[in-house]
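Below is one structure; the comments refer to it alone.
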Amino acid sequence: SQRWQAAVLPFGATEPHNFHMPYGTDTLQVETLAQLACQRAWDAGAYVALLPAIPYGVNTNHLKIPGALACSVTPTTLLALLTDLVDSLERQGVRKLVLLNGHGGNELKPLTRELHHRTGVFLCVCDWFRMAKDVYPGLFERPGEHADEVESSLGLAFFPELMRMDQAGDGAVRPSRFDAVNKGWIALTRPWHLATADTGMGDPSAATAEKGRRLMDVLVERLAAFLTELAAAPMDETFPFV
């Protein structure tokens, strides 16, 4: 029987992505990255298990969008699910788990803090949308935040049959009345139905499949390299430090 060295658990969401992308965008994107990265790590000799993606995320601020389908859970529900899954993996001898996140509303690091003293499983979080920001200037003209040029490019590259670029809104965002919020000094949970008319945040018009493929190449290379290192690392008294 196979002794798994590590596992990857993808987290997605079900929510509107402007008018041109599917509701499952976050899940489709994170599943694609997970499959490609785990395959590359496996080919490099890492025994990494890819778990089924969780398609529901924390997006309670989407629930008032008229006519839209937003299937949301609360952070406490996500914690309960993760607790059970971590317990199951630990009982089967899996001691390293990567939480691969594809949705900005899934703030997973607090969940790892909650479980840190209650499990022998090493937990770490990868928000894929933070992994390659350094290459954005050379790839994208107007990167945004949601259903933007970046996400639309990934959609055109990896699930083009679900894309309807001719229906895309401009992704304009209504600014807050508070300057401190607009500058990023103050964070809040944004009521999505007030923040944008089309549920997008960022102009998707410059998206291309080639941009999506080039971005995915970087993401896969970086994540696969980490998974390969993680799988081989001994869990000794100083792990994860040198």
Notebook entry, point to check: Remind me, what semi-axes does segment 17-88 give for its equivalent ellipsoid, largest first in whole Å, using sqrt of 5 times each Cα gyration tensor eigenvalue?
Noted result: 28, 19, 6
Next item on the list: For the chain, find the longest principal axis of its Cα atoms and tell me its angle to the long axis of helix 209-232, 0 to 90°, nearest 10.
Entry: 20 degrees
Check: What is the sum of charges around Ala49, taking Lys and Arg as +1, Asp and Glu as -1, for the other residues whose C-beta is under 11 Å from the C-beta of Ala49?
Finding: +2
Checklist line | Distance in nm between pseudo-label sites at Lys183 and Asp217 (7 Å out along the Cβ direction from Cα) | finding: 4.0 nm
Next item on the list: Calculate how large, on average over all directions, the projected area of the Cα convex hull of the chain is; give the answer in nm² to one decimal.
Entry: 14.4 nm²
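Which is the longest run of the chain containing none of the chymotrypsin sites (Phe, Trp or Tyr not before Pro) found in DSSP loop states (not H, G, I, E, B) with at most 10 other C-beta atoms within 10 Å? Present the calculation step by step, with values, prior to reporting the outcome.
Numbers: sites that count: Trp185, Phe241.
Excluding the exposed sites themselves, the longest stretch runs over 1-184.
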Check: What does segment 54-159 give for Rg and for Dmax, in Å, if only its C-alpha atoms count?
Finding: 16.5, 48
Note to self: Lysine pairs in the chain with Cα distance under 21 Å, only those 8 or more apart or on different chains: how many are there?
What the structure shows: 4
Notebook entry, point to check: For segment 103-217, what percent of Cα pairs sit more than 25 Å apart?
Noted result: 37 percent
Next item on the list: Among Gly202, Gly93, Gly171, determine the one that fluctuates most according to a GNM of the chain built with springs between C-alpha atoms less than 10 Å apart.
Entry: Gly93
Next item on the list: Only helical DSSP H runs with n ≥ 4 go in: add -39500 (n - 2.57) per run for the chain, normalise by residue count and round the 222 nm mean residue ellipticity to 500 deg cm²/dmol.
Entry: -11000 deg cm²/dmol
Margin query: Between Ser205 and Arg3, what is the label-point separation in nm under the 7 Å Cα-to-beta-carbon projection?
Written below: 5.8 nm
Next item on the list: For segment 111-240, with all protein chains present and a 1.4 Å probe, just round the carbon and sulfur fraction of the accessible area to a whole percent.
Entry: 53 percent
Margin query: Quick check: the distance between the Cα centres of segment 160-237 and segment 1-38, to the nearest angstrom?
Written below: 13 Å
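What's the longest piece of the chain with no exposed trypsin sites (Lys or Arg not before Pro), counting a site as exposed if DSSP puts it in a loop and it has at most 10 other beta carbons within 10 Å?
Numbers: sites that count: Arg3, Arg118, Arg177, Lys183.
Value returned for the longest uninterrupted segment is 4-117.
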Checklist line | Relative contact order (%) - criterion: Cα under 8 Å, at least six apart; region: the chain | finding: 27 percent
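The values are calculated or read from the model by the stated rules, or taken from the named source; none is laboratory data. Please read all numbers here as calculations on a predicted model, not as lab measurements. Cβ coordinates were reconstructed from backbone atoms using ideal geometry, including for glycine residues, and neighbour counts include every protein chain displayed. With ligands, DNA and RNA removed, areas are computed over all heavy atoms of the protein, side chains included. Shrake-Rupley method; radii C 1.70, N 1.55, O 1.52, S 1.80 Å.
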